[in-house]
Amino acid sequence: MNFKLNIIVAVSENMGIGMNGDLPWRLRKEMAYFSRMTKRTKDSSKQNAVIMGRKTWESIPDKNRPLAGRINIVLSRQDLKLGLNTLACSSLETALQSLQEPPLAESIESAWVIGGSSVYKEAMASPHCSRIYLTKIFKTFECDTFLPEVPMNTFKLVKDPDVPEEMQEENGVLYGYQVYERLHDFNSLKL
């Protein structure tokens, strides 16, 4: 692939990511971090894509859909009516293939999986997934949707100069940013 595939997610202490189709917390600075990370490119002639399931798409308020400054890809087996800068694909694999074909192939720098639970699980299992940008919220929230466990035999905690290392606090809630990078199987590399 000529672009990086990353995951970005915020989780509570109980690994919750959602409740009734919405975020269980209101953390404006954390949302600004999400926006900055998923929009930022090193090459100003390129943009990023965000990949999400249908329920995640529907959880975004109408006024914020599609997420501005990014190609939005919605995964669904249903026929969806989507607007400009938005593409419907039947699977994560189909979405990744679409990003490698014209006209998107030359204009995408990174793709970010932004939810929900089953899309995160599929992305973590994909050999194409390079990094997981995880916001760990140090509080338990009532949730009905959860992040699958990060496979620590596949990913390791790393530092990223673009990600703050210090603890954050907002609305009395402590949280911190973590970055996990895929381990490569050096035994399978051809020398």
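Under the combined filter of DSSP loop state and at most 13 neighbouring Cβ atoms within 10 Å, the stretch 121-182 retains these GluC sites (Glu not before Pro): GLU142, GLU149, GLU165, GLU166. If you average the alpha carbon positions of the stretch 13-80 and of the stretch 131-150, how far apart do those two centres end up, in angstrom? Answer, in whole Å: 15.
When the chain is treated as a GNM with alpha-carbon contacts under 10 Å, the residue of ASP43, ASP162, ASP79 showing the greatest mean-square fluctuation is ASP162.
The charge dipole of the stretch 4-188, taken about the Cα centre with unit charges on the Cβ atoms of Lys, Arg (+1) and Asp, Glu (-1), comes to about 360 debye, rounded to the nearest 20.
Think of the chain as a dipole: +1 on every Lys or Arg Cβ, -1 on every Asp or Glu Cβ, centred on the Cα centre; then among PRO103, PHE141, SER35, PRO103 lies furthest on the positive end.
For the stretch 1-102, applying the loop criterion from DSSP together with a ceiling of 11 other beta carbons within 10 Å to the trypsin sites (Lys or Arg not before Pro) yields ARG26, LYS42, ARG77, LYS81.
With contributions of -39500 (n - 2.57) from each DSSP H run of at least four residues, the per-residue ellipticity at 222 nm computed over the chain stands at -5000 deg cm²/dmol.
Ignoring aspartates and glutamates fewer than eight residues from LYS136 along the same chain, the ones with Cα atoms less than 19 angstrom from its Cα are GLU13, ASP22, GLU30, ASP144, GLU149, ASP160, ASP162, GLU165, GLU166, GLU169, GLU170, GLU181.
For SER45 and GLU142, a Förster radius of 41 Å and the Cβ-Cβ distance give a FRET efficiency of 0.40, rounded to the nearest 0.05.
Bear in mind that the values in this text are calculations on the coordinates, not laboratory data. Note that the structure is a prediction, hence the values are computed from the model and not measured. As a convention, Cβ positions derive from the backbone with ideal geometry for all residues, glycine included, and neighbour counts pool all protein chains shown.
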